[in-house]
Amino acid sequence: MRKVIVVGIGPGNYENMTIRADAALRHCDVIIGYHVYVELVKERYPGKEYITTPMTKEVDRCRMALETALTGKMVAMVCSGDSGIYGMASLIYELRGEAREPEVEVIPGLTSACSGASLLGAPLTHDFAVISLSDRLTPWDKIEKRLLSAAAADLSIVLYNPASHGRPDHLRNACKILLRKLPKNRICGICRNIGRAGEMAAVLTLEELENANVDMFCTVFIGNAQTSVIDGKMITPRGYRNV
């Protein structure tokens, strides 16, 4: 079958993978993806052909998926979290263009905004924004505008890609930007290794977040003006009790 299925595998553990994602990985011929994500599924789906690429090789990865599918195989492109939220779904469609083959199917997955929120409590019960701090594809001045706009709108904010070896100060810089609009005691949260070994979650203030130790396996949450801590959990009310 000449088909590419772009599969969101969730945070990494099988329990948080959807039934559709599991079925796609069981029935495909080839599994391709960033090597870290492929390793998360490799043991559960033996007997498959596996193709991996390093970080920053997204275009090569998607081209390989399309070319492999055109040889008559069903190819699963695995993405951490959701296949369309910072995933490969859009790039697969862009590279295929107006061609009718191979067929493309997108299977959603549990993005870390959702899975991380569940570890922290309920920080996203009201409107929120998701912003990546990676400036590899988005200029930092645009990221800064988005941070300030979300803060000014009193949205809860989820930060993806808060830091890495190449950009260790991005979260610190983002906190300095947010502190122009938000108080130092604004409730925040950090999740790391969601659904994997070493999973952790912590609640802290925006002032404390500025100097927190984070990496690319972390997701960061900044509450809105109504967010509070209840029994150690980060809670943002929807307002149901006020109706």
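The values are calculated or read from the model by the stated rules, or taken from the named source; none is laboratory data. Just so it is clear, the structure is predicted and the values come from calculations on it, not from any experiment. Cβ coordinates were reconstructed from backbone atoms using ideal geometry, including for glycine residues, and neighbour counts include every protein chain displayed. Heads up: the accessible areas ignore ligands, DNA and RNA and are worked out on the full protein's heavy atoms, side chains in. Shrake-Rupley method; radii C 1.70, N 1.55, O 1.52, S 1.80 Å.
Points worth noting:
- Cross-link pairs beyond the 26 Å C-alpha cut-off, checked among Lys3/Lys42; Lys57/Lys181; Lys42/Lys233; Lys142/Lys233; Lys145/Lys233: Lys57/Lys181; Lys42/Lys233; Lys142/Lys233; Lys145/Lys233
- Residue-averaged 222 nm ellipticity for the chain, from DSSP H runs of 4+ at -39500 (n - 2.57), nearest 500: -8500 deg cm²/dmol
- Working note: Cα gyration tensor of the stretch 52-115, eigenvalues times five, square-rooted, sorted largest first, giving semi-axes of 21, 13, 11 Å.
- Taking the accessible area of the stretch 140-192, probe 1.4 Å, and keeping the other protein chains in place, the carbon and sulfur fraction comes to 49%.
- With all protein chains kept in place, the per residue accessible area of the stretch 1-137 amounts to 48 square angstrom at a probe of 1.4 angstrom.
- Considering all different alpha carbon pairs of the chain, the Kirkwood hydrodynamic radius works out to 18.9 Å.
- With bins 10 Å wide beginning at 0, the percent of Cα pairs of the stretch 136-243 falling in each bin runs 14, 46, 31, 8, 1.
- Loop sites in the stretch 61-103: GluC sites (Glu not before Pro), DSSP, at most 13 other Cβ within 10 Å: Glu98
- For the stretch 1-116, the equivalent ellipsoid derived from the alpha-carbon gyration tensor has semi-axes of 20, 15, 13 Å in decreasing order.
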